[in-house]
Structures are given as structure tokens and as C-alpha cells.
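Shown next, in C-alpha cells, is the structure this report addresses.
The values are calculated or read from the model by the stated rules, or taken from the named source; none is laboratory data. These numbers come from a predicted model, not from an experiment. Here the Cβ positions follow ideal geometry from the backbone for every residue, glycine too, while neighbour counts run over all protein chains shown. These area figures cover heavy atoms from the full protein model, side chains too; ligands, DNA and RNA do not enter into them. Shrake-Rupley method; radii C 1.70, N 1.55, O 1.52, S 1.80 Å.
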Amino acid sequence: MKNAGHRIARVAMLGCAALGAFATPAQADTLREALASAYNTNPTLQSARATLRATDENVPIEKSAGLPGIDASGQYTEQLKRSENSLTAPKRFLSSNVELSVPVYAGGAIRNSVKAAKQRVQAGRADLRATESAIFSQVVAAYMDVIRDESVVRLNLQNVEALGVNLQATSDRFEIGDLTRTDVAQSESRLAVARGDLVTAQSNLISSRERYVQLVGDAPVALEPPPPLPGLPASPQDAVNIALDNNPDLIAARERTEASRHDIEVAGSARLPRVSVFTGGTYTNYFGSLGAGIVGGDFSQSDTTATAGLRFSIPLYQGGYASALERQAQARAASTIETEIAVERDVIAQVRSAYTAWEAANQVIEATTTAVSAARLSLEGVRAENTVGNRTILDILNAEQEQLSAEVQLVAARRNAYVAGFALLAAMGMAEADDLNLDVGGPLYDPAAHYNAVKGQLNDWKFEPDPVAQSTRTVDTPAQDATIPEE
């Protein structure tokens, strides 16, 4: 009986320790470090940056249509058989031609194409912001999943150990005739179920750690509790108002709508004249073969010409092409307008849902904190009453299960509140590296730097080095396990 009492007291101490599941470890990774690693090495984010750089190039591409163009051509000809009547025909000659052409008027097509390209650059920058925000949201969720699942594994380990102690105490009391075989069987059953729950919790932890590796690029090591979230709104309407101004998906949709309006103008210009000025010159060398068939003939064996003029075209009838092109552009513009409204609706729904989830999770935290305290007191009381014969072993087992359930709900609620809060910030457009004042080991990526470097680039022979991967691979990262770091 004395040994059984010691074991029951040990169970009580294990239950009290369970509330330390979120205690800060001595050495740990932080959420800011995880976000910085993802910012620098995540392949999805690196791909989005490269996509934006490709979009930047549309501006100089469209500008080039309005700039002067120089073309040169050459031809060497060897006459294998000349007509007998062509006495002056050269046997061989080399000709070359150079022409400079300058567009003067294109019906507004070039101007509006450049404007549309610039709008799409702005849309691309908003898309990059949205990708960064989405990656950060996924990293936060993965980070909190690891913390939650480590806590759940720790709680289940403690529960298995407590139930093992309880089973031994029950068996000892059965041996002395204080309890029945039914009490022992109930304890064995609960221990077996607890071991199964532990295996499930360990599997979930491994999955969460692998997801973390996928997003961050490194394995999680003793993650610290996250810092408080900044700038959370006071009401859902406040959140919506901020999102309508800052949400990157909505900004991108608005920029694409403006670009599509310029596309209509570009399409309509197909009906208008095109005017350009040109100048050019030609040089021909006959290599002494011009007029070789005429005795005493004196012919210049080279000549040059120069031309200049005005070239224009006026479309008179195109079989309905111009009208169809404009209607197509109008239909696409209509599509982008409706898409913008759809994105706006989606953003409003996301913000309101995230705010509700965040509030609900905070209320759950408050409720489950009370539940954990009550379950602990209840378990202590049931154990005390069992010693005087007022409670059964089954009552103790049920009280232990209630405490475990309350503790698991608490760690899950903490995870849900933080993830929902960050999702709310993301929907408001306030969850990017600049908003979080993130230290990434250097300056933040500047989406305007590449654009400014290429927007006025006129050199056809400027080459850039071939791209290499910027993100890290995880093939050498060992498979994750369910080992729990020491506190």
C-alpha cells in the first residue's frame, strides 16, 4: 500500500508538469529566424521574384517598337551561266544595304502598350508581395504545428507514464485484495489506448517537422514560443478597411484592370495609319566583271546609292479584323473587372473569417485554461476520495483523461489563435518582411531595382550570366523523428 501511494503521488506530479508544455528551452530556433530563412531560401519565393523580373522586361520590349531601328543586309552572287544577250551583266557582284527607320505615328499602339506593360509590372510586384505573405503564413502555421505537436507528444508521453504508474499501483492493490480484476483491466485498457494515442501524436509531429523543413529549408530545433503579433485590428470592419487598401491580391487585380483598359486602346489603333521615316544606302561591287563582254567598254565596277523618304500605310478594309480585335480586348477587360470584384469579395471574406477564427481561438484559450485548472483540481480530489473508498479506479482514469483532453485542447487553441492572427495580418497586407521588420542578413529584396536597371536599356548586346538556383535543397536533411527536445 505504501508503494502504491508513492506511485499515485508521482502521477499527480506528472499531471502538474504537463502545463509547462510551452516553456522556453535554453537553446532554440525562433520564428523570426524561420521566416528569415524562408525569405532567403524558399524556392517558391525565389521563383516569384524571377517571374517579376521577366514581367519587368515587357516595358523595354514594348518601348522598342517606338525606337529607331537599323537593319543591314548583304548578298554575294556568282553567275554560273549568263545570257548570251546580256553583254553588260556582271559575272559576280557583292551588294550591301543599310536602312534606318524611325516610327513617327502608330495610332497610339506603342504608347498604350508601354502603359499596359507598366501597369502589369505593378501587378507583378503585388503578386510578389502576395507570394511572400503566403509563404510566411505557411511558415508560421508549420512553426506553430511543430510546437503544438511537440506539446501533444510530451503530454501523451506523460500520460502513458502516469497510466503505467497507475496500472502498477492498481496491480499492487489487487495483489493484496484491495481492488478487483476489473480495476486492473480498466487500467490496462486505458494504458493501451494511451500508447496508441502517443503513436498517432508522434506521427503527426514527424509530419509537421517535415513540412517545416519543406518551407524553411532546415530542420526545427527546440522552437521558442513566438513573439506577440503586431498591429491586430480592434474590429472586423477595421481589418476590412485596411485590407481594401493594402491586400496585395486586390492591388494586383486593380492594376490588371487598368492595364486591360490600355489594351483596348492598343486594339483600336489597328484602324489607324502607320507612319515612319527612313533613310538608307546601298553599295555594290562587281569585281571587274561588269561589261566584261563589251570590247573597249568602260564601266564603273562599283556604285553607291542613298535614299530617304516617308513610309505610311492606311488600313482601308481588313475584313473585320480591327473590330474583332477591339471587341476581344473589351471582353478581356470586362473579365478583369469582374475578377477584381471577385478578389475583393474573397479578401473581405478572408479578413472576416480570420478575425472570427482569431477571436474564437482566444476565447477557447480562456475557456480551456479554466478547464485545465478545474481538471487538475478534479483529478486531485478524485485521487484523494479514492484513498478513502469514495471513488473507483475508473473515476481516476476518467479524471486523468479529462485533464489530458483539456491540456491538448489548450495547446491546440494557442496554435490556432496565433495562426489565425497571422492569417488576419496577411489578409490585411501586413505580413511581409518589411512589415515584420525582419532581419534577413542583408537588405530586403528590392523589386524596383531590376526594373530601374532594364527599363531604359537600349543595348542589344548586353548579356547577363545564366541563372543558378538561389534556394537551398533538402535532400541532405535527415528524415525527421518524434524526439522531444529537452526543456
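In terms of modelled amide H atoms, which long-range or inter-chain residues lie less than 5 Å from the amide H of R92?
It is Q79, S289, by chain and number.
Could you go through segment 177-188 in sequence order and give the Karplus-derived ³J(HN,Hα) for each residue, using 6.51 cos²θ - 1.76 cosθ + 1.60 with θ = phi - 60°, rounded to whole Hz, and x for Gly and Pro?
Running phi through 6.51 cos²θ - 1.76 cosθ + 1.60 with θ = phi - 60° gives x, 7, 10, 9, 4, 4, 4, 5, 5, 4, 5, 4 Hz.
Long-range amide H contacts for S302: which residues qualify at under 5 Å (H placed 1.01 Å from N, peptide plane, sequence gap of 5 or more or a different chain)?
Y286
Rounded to the nearest 10 Å², what accessible area does R120 have for a 1.4 Å probe in the complete protein model?
90
Run the accessible area of segment 239-310 with a 1.4 Å probe and give the carbon-and-sulfur part as a rounded percent.
55
Taking the chain as the reference, fit the longest principal axis to its C-alpha atoms, fit the long axis of helix 248-268 to the helix C-alpha atoms, and give the angle between the two in degrees, 0 to 90, nearest 10.
Helix 248-268 sits roughly 20 degrees off the main axis of the chain.
Taking a probe of 1.4 angstrom, what is the accessible area of R352 in Å², to the nearest 10?
120
Given +1 on the Cβ of Lys and Arg, -1 on the Cβ of Asp and Glu, and no further charges, what dipole in debye does the chain carry about its Cα centre, rounded to the nearest 20?
It works out to roughly 1500 debye.
Angle between the Cα long axis of helix 109-175 and the longest principal axis of the chain, 0 to 90 degrees, nearest 10?
The helix 109-175 is inclined about 20 degrees to the chain.
Please work out how many pairs of lysine residues in the chain are eight or more positions apart (or on different chains) and have Cα atoms closer than 30 angstrom.
Lysine pairs meeting both conditions in the chain amount to 9.
Can you show me the helix-derived [θ] at 222 nm for the chain, built from DSSP H runs with n ≥ 4 at -39,500 (n - 2.57) apiece and divided by the number of residues, rounded to the nearest 500.
Computed mean residue ellipticity for the chain: -21500 deg cm²/dmol.
Once label points are set 7 Å from the Cα along Cα→Cβ at both R345 and E380, what is their separation, rounded to one decimal in nm?
Label-label distance for R345 and E380, simple model: 5.5 nm.
R0 = 51 Å: FRET efficiency of V388 with A360, Cβ-based, nearest 0.05?
0.75
Which is farthest toward the positive dipole end of segment 238-351 among T305, Q330, A267, measuring Cα position about the Cα centre, with Cβ charges +1 (Lys, Arg) and -1 (Asp, Glu)?
Of the candidates, T305 comes out farthest on the positive side.
Expressed as a whole number of Å, what is the distance separating the alpha-carbon centroids of segment 42-84 and segment 194-227?
Going from one Cα centre to the other spans 51 Å.
Take M430, M144 and sort them by solvent-accessible surface of the protein heavy atoms, 1.4 Å probe, largest at the top.
Reading off the accessible areas and sorting them downward yields M430, M144.
At a 1.4 Å probe radius, carbon and sulfur cover how many percent of the accessible area of segment 362-487?
Exposed carbon and sulfur together represent 51 percent of the surface.
Before I look further, what does the chain give for accessible area per residue, probe 1.4 Å, in whole square angstrom?
With the other protein chains kept in place, the chain gives 54 Å² per residue.
With a 1.4 Å probe and all protein chains in place, put Y286, Y212 in order of accessible area, largest first.
Result of the area sort, largest leading: Y286, Y212.
Round to the nearest 10 and report in Å² the accessible area of Y105, as given by a 1.4 Å probe over the protein chains' heavy atoms.
Y105 has an accessible surface of roughly 110 Å² with all protein chains in place.
Sort T304, T77 by accessible area with a 1.4 Å probe, largest first.
Solvent-accessible surface, decreasing: T304, T77.
Tilt of helix 321-387 relative to the longest C-alpha principal axis of the chain, in degrees (0 to 90, nearest 10)?
The angle comes out near 10 degrees.
In whole Hz, with x marking every Gly and Pro, tabulate ³J(HN,Hα) for segment 41-51 from phi via Karplus 6.51 cos²θ - 1.76 cosθ + 1.60, θ = phi - 60°.
For segment 41-51, the Karplus curve yields 10, 6, x, 5, 5, 5, 5, 5, 5, 5, 4 Hz.
Given a Förster radius of 25 Å and the C-beta distance between D439 and D238 as r, what FRET efficiency does 1/(1 + (r/R0)^6) yield to the nearest 0.05?
For R0 = 25 Å, the calculated efficiency reads 0.30.
Can you compute the modelled spin-label distance between R49 and T30, with each label point 7 Å from Cα toward Cβ, in nm?
2.2
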